[in-house]
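Taking it in order: structure first as structure tokens, then the write-up.
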Amino acid sequence: MTRANAIRFGKTKSPALQQLELPDRGSLHLGIDIGSVSCKLALLDDGLSIRYLRYQRTHGRPMETARAMLATLLEQIPSVRIATMAGTGTAGRALCGLLGIDFVNELICQAAAIGHLRPEVRTLIEMGGQDSKVIFLPDRPIGHSVPDICHSERSEESQFQNVAVESFKSVPPINADMSDFSMNTVCAAGTGSFLDQQATRLGVDIEGEFGELAIKSENPPRVAGRCSVFAKSDMIHLQQQATPVHDIVAGLCLGLARNLKSSLCQGKEVIPPVAFCGGVAGNVGVVRAFEDIFGLGAGGLIVPEEHAVTGAIGAVLVQLRQGAGGSSTQEPRVLLARLDDYIRQNRTVGHRLEPLRQPSQPTPVSKVHSEILDQARKSNRKIPAYLGVDVGSISTNVVVMDENQRVLSKAYLMTAGRPLEAIRQGIDIVAPDVRDLVEIRGVASTGSGRYLTGDFVGADLVINEIPAQATGAAIVDPTVDTIFEIGGQDSKYISLDDGVVIDFEMNHACAAGTGSFLEEQAERLGMNIKDEFAAEAFSSGAPIRLGERCTVFMESDLLSYQQQGAERPDLVAGSRPLRPSPANPLSFPTITKSPAPSGPPNLPDGTWSKKPPNRARARP
């Protein structure tokens with residue numbers, strides 16, 4: 001008997017090595033699944049029994065990883081034994097072209113694999129590194145052939161002369177039918193990369209510790225599952241409130257499950273039995289979250305032992321149903337040589353862009369009219385003034401203006417998850433400038449925290465950001481007709497006509513194109529967003545395009561390019577958003593501001609004038 005090293009996949013632990021025996025006679029069939037974060041191999045015999053499984057993270061080098069895994073396998077198996085090879089996965093198409101083997105659609109692979117492993121399943125959830133799927137399976141007897149849509153894409157280099165044709169005639173029936181399916185778009189919410197990034201932020205091992213912590217929670221908080229950057233803000237707030245790590249982790253798992261249900265199921269009935277496959281299925285915290293969100297009860301979600309390699313298994317199953325073909329007439333050493341040649345090629349790292357251009361206009365100066373305060377101090381007369389407070393997700397702004405719309409004092413500081421404390425600090429900063437010199441006749445609040453702020457300071461006007469931004473911009477430049485506003489977690493386009501808003505657009509639950517988006521990239525590259533980021537970006541002569549999709553997916557691209565030797569300035573310059581996407585219709589360059597220092601005590605009593613009897617409260 002020939003022995004081969006393989007990987008056993010448990011439900012709660014990271015993969016562990018085990019020995020599997022290979023039959024003395026008969027053909028073997030190999031499936032290769034190269035995804036966004038890992039490479040998987042599956043070896044089946046003529047009876048469709050699984051003989052070898054292997055899972056390994058690619059760390060941004062999919063071809064190198066596939067080459068090493070294939071070499072290890074082919075050292076242990078006589079080359080004449082492998083009759084069929086087929087590939088799948090997001091990065092599998094390129095490998096299939098190099099090796100001259102067939103590429104199979106990954107949706108069909110997953111349906112075929114679960115139909116073979118657990119034929120009773122009616123709904124399949126598959127979650128990988130950068131994608132997630134919900135596949136609805138019909139209630140049909142086992143034995144249906146693969147439908148026409150399942151046909152693999154035959155490589156022009158594929159040759160079928162020496163395939164053991166007789167082995168295909170005895171292939172057991174395979175059910176690869178689908179009644180419907182849904183996939184995620186260009187957002188990482190609901191994928192493995194989402195959890196990977198949150199685990200890194202919390203300093204928790206994603207392979208084992210993350211899931212074990214989640215199942216300890218009895219009172220998980222609600223954490224955003226829509227966007228990794230916004231989830232980070234929720235996590236910071238929870239940490240500042242001394243929320244236990246296991247509760248935060250459980251909240252992340254539940255947020256991910258809610259997001260998948262709302263975005264992919266979209267009202268479709270999830271019919272049990274329900275199975276969960278993909279690398280994330282090894283996380284017991286996510287398994288528990290899906291059981292809760294879908295109402296399956298404890299143990300109600302089926303997690304096959306082979307959950308991480310079902311794509312590779314399905315590639316073999318679908319290819320075998322197509323009949324003879326899908327293998328290469330070349331010896332394994334020739335196939336490996338092809339990969340070696342590809343890896344050794346001196347290719348340009350990434351898709352290059354035109355260099356960034358310096359702004360055509362200088363940075364505008366935000367003037368504070370201290371001379372007006374000096375005049376009031378000399379004349380001993382108070383200036384009629386108004387207080388504005390803008391509390392956003394990242395920063396808090398406080399400004400005092402006179403009746404002629406001139407800024408008398410201002411403060412900019414980080415909200416840091418504590419909006420009320422930030423408001424107090426902002427008032428402390430402006431108080432020394434205007435104390436005993438102004439009479440506050442009105443207070444207005446805006447920003448994402450405008451309602452809380454309005455109640456806290458007793459605002460006369462609570463207004464949303466669109467008219468607030470438009471009015472403020474028109475004060476700076478009365479001729480302005482277009483405004484791009486980038487905040488910590490949102491971005492806006494506003495169109496004006498004679499100072500009146502006639503159109504606007506905002507980002508939709510996605511941080512791409514926001515300040516947090518660039519801050520994430522700067523943090524990942526180990527640099528200061530305020531002092532270094534812009535300087536390095538402008539120093540790049542050929543920026544690398546990192547995309548404009550999602551900060552989590554950009555992290556994968558950035559890591560891959562770093563491993564290929566890309567220079568940091570080229571990565572920094574490529575981090576800027578390029579064009580609108582379905583998830584985020586806005587893509588503009590971001591202007592960052594420097595926080596103001598902490599200031600002296602609060603405004604004294606008596607500084608505030610009485611509020612008018614009827615407060616106008618404008619709501620969007």
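The values are calculated or read from the model by the stated rules, or taken from the named source; none is laboratory data. From a predicted model like this one, the values you see are computed outputs, not experimental measurements. Heads up, the Cβs are rebuilt from the backbone with ideal geometry, glycines too, and the neighbour counts pull from every protein chain shown. Note: areas computed on protein heavy atoms with side chains; ligands, DNA, RNA excluded. Shrake-Rupley method; radii C 1.70, N 1.55, O 1.52, S 1.80 Å.
The table for this structure:
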item: Test: residue in the range 429-438 that is within 25 Å of Phe484 (Cα to Cα), under 39 Å from the mean Cα position of the chain (by Cα) and crowded, with 18+ Cβ neighbours inside 10 Å; result: no
item: Qualifying positions in the range 381-419 - out of contact with any helix residue (DSSP H, G or I) (no Cβ under 6 Å at 6 or more places or on another chain), at pLDDT 90 or above and not in a strand (DSSP E or B); result: Arg381, Lys382, Glu403, Asn404, Arg406
item: Per-region count, the range 87-110, residues touching a helix residue (DSSP H, G or I) at 6+ places or on another chain (Cβ under 7 Å), of a type in the set (A, V, I, L, M) and open to solvent by less than 40 Å² (accessible area, probe 1.4 Å); result: 5
item: Residue in the range 356-364 that is surrounded by 13 or more Cβ atoms within 10 Å (Cβ to Cβ) and β-branched (Val, Ile, Thr) present; result: no
item: Condition broken by Arg381, with the remaining ones in (1) open to solvent by 20 Å² or more (accessible area, probe 1.4 Å); (2) under 30 Å from Gln489 (Cα atoms) satisfied; result: (2)
item: Selection within the range 472-492 - touching a residue at least 24 places away in the same chain (Cβ under 8 Å) and surrounded by fewer than 18 Cβ atoms within 10 Å (Cβ to Cβ); result: Ile475, Val476, Phe484
item: For Ser179: the one exception among (1) small (Gly, Ala, Ser); (2) modelled with pLDDT under 70; (3) farther than 27 Å from Ser516 by Cα; result: (2)
item: Leading residue by the ranking (nearest to Cys96 (Cα to Cα)) among those in the range 342-365 that are of a type in the set (A, V, I, L, M) and modelled with pLDDT under 80; result: Val349
item: Residue within the range 263-273 that is farther than 30 Å from Cys39 by Cβ and under 23 Å from the mean Cα position of the chain (by Cα) present; result: yes
item: Strands (runs of 3 or more DSSP E) enclosed by the range 32-107 - at least 3 residues per element that are of a type in the set (A, V, I, L, M, F, W, C); result: 38-45, 82-88
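Yes or no, residue by residue, for (1) over 30 Å from Gln375 (Cα atoms); (2) without any contact (Cβ under 8 Å) to a residue 40 or more places away in the chain; (3) of a type in the set (Ser, Thr, Tyr):
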site	(1), (2), (3)
Asp436	no, no, no
Glu439	no, no, no
Ile463	yes, no, no
Val501	yes, yes, no
Asp531	yes, yes, no
Ala537	yes, no, no
